[in-house]
Amino acid sequence: MVASRRLRGASLVEIVVAIVVTSIALSGTLMLVDTTTRRSADPMLERQAISIGESYLEEILQKPFFDPDDGTLCPSPEADRDRYDNVCDYQGLDEIGARDQQGDAIAGLEGYRILVSVDTTASLGGLSGPADVVRVDATIVDPLGNTVRLSGYRTRS
């Protein structure tokens, strides 16, 4: 008959080592999940900022090149945004929260900042400003402070 063997369990040292290894692996996994969760909104904010910038550029670039009132390129801007009637009226526009063409706030987009500049010294191909072309830059800052800049050109028709 074979001598009976004594059954052994895990020692205290083995259990402590297993707990430490498991906790290190678990904390690394939880840090990854936390980082992923915090940054999951970033792509949505960037897409919204791009959409806001495209909307502003579309509005601005559809305006006449010259002021309809006096036929000049960049007279002093109109007092209210809903009265802007040429590209240069938007120079220096700085709004907190996206707004429509009449200047009314758009719900849900209050956390964005929109800055517009109009460069009358720009050049495009063989055209050069201010007589032929202007460049419009729309800079959008999202609620997290990330910046998106879009540019468009308006030529004299």
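Mind listing just one residue for me: the one in region 115-130 that is part of a loop (DSSP other than H, G, I, E, B) and not small (Gly, Ala, Ser) and, of those, farthest from the chain's Cα centre (by Cα)? I'd like the intermediate steps shown before the answer.
We begin by selecting, within region 115-130, every residue part of a loop (DSSP other than H, G, I, E, B); these are 120-122, 125-126, 129-130.
From the residues that got through so far, the ones that are not small (Gly, Ala, Ser) too are 120-121, 130.
Values: Thr120: 25, Thr121: 26, Pro130: 29 Å.
Checking each candidate, the answer is Pro130.
Does region 132-145 include one or more residues that are on the phi > 0 side of the Ramachandran plot, in the same structural domain as Pro75 (by TED's automatic domain parsing) and over 13 Å from the mean Cα position of the chain (by Cα)?
No, there is no match, as no residue in region 132-145 is on the phi > 0 side of the Ramachandran plot, in the same structural domain as Pro75 (by TED's automatic domain parsing) and over 13 Å from the mean Cα position of the chain (by Cα).
Kindly indicate which of Glu58, Glu54 is free of Cβ contacts under 8 Å to residues at least 24 places away in the same chain, part of a helix (DSSP H, G or I) and within 19 Å of Leu150 (Cα to Cα).
Being free of Cβ contacts under 8 Å to residues at least 24 places away in the same chain, part of a helix (DSSP H, G or I) and within 19 Å of Leu150 (Cα to Cα) holds for just one of Glu58, Glu54, which is Glu58.
Mind listing whichever residues of region 72-114 are assigned to a helix (DSSP H, G or I) and under 19 Å from Pro130 (Cα atoms)? Break it down into steps so the answer makes sense when it comes.
The initial filter retains those residues of region 72-114 that are assigned to a helix (DSSP H, G or I), namely 81-83, 87-90.
Result: Val87, Cys88, Asp89, Tyr90.
Could you look through region 54-71, keep only residues that are among the hydrophobic types (A, V, I, L, M, F, W, C) and more than 18 Å from Ala131 (Cβ to Cβ), and pick out the one that is surrounded by the most Cβ atoms within 10 Å (Cβ to Cβ)? Even if it seems obvious, please write down each step before you answer.
Taking region 54-71 and keeping what is among the hydrophobic types (A, V, I, L, M, F, W, C), we get 57, 60-61, 65-66.
If we keep only those that are more than 18 Å from Ala131 (Cβ to Cβ) too, we end up with 57, 60.
On the way: Leu57: 19, Ile60: 24.
Ranking the candidates gives Ile60 first.
Any residue in region 105-121 that's among the polar types (S, T, N, Q): show its pairings with residues that are part of a strand (DSSP E or B) at Cβ separation under 7 Å, as long as the two are six or more apart or on different chains.
Qualifying pairs under 7 Å: Ser117/Asp137; Thr120/Val134.
From the list Ser123, Ser157, Ser151, which one is modelled with pLDDT under 95 and either within 14 Å of Val87 (Cα to Cα) or surrounded by 14 or more Cβ atoms within 10 Å (Cβ to Cβ) (or both)?
Checking each option against the conditions leaves just Ser157.
Applying the selection to region 39-49, what residues are surrounded by 10 or more Cβ atoms within 10 Å (Cβ to Cβ) and more than 19 Å from Asp94 (Cβ to Cβ)?
The answer is Arg39, Ala41, Asp42, Met44, Leu45, Glu46, Arg47.
From Gly103, Gly108, grab the single residue that is exposed (fewer than 12 other Cβ atoms within 10 Å of the Cβ) and more than 26 Å from Thr155 (Cβ to Cβ).
That would be Gly108, the only listed residue that is exposed (fewer than 12 other Cβ atoms within 10 Å of the Cβ) and more than 26 Å from Thr155 (Cβ to Cβ).
The values are calculated or read from the model by the stated rules, or taken from the named source; none is laboratory data. Everything quoted here is computed from the prediction, not taken from an experiment. Using ideal geometry, Cβ is built from the backbone for each residue, glycine included, and neighbour counts are taken over all protein chains shown.
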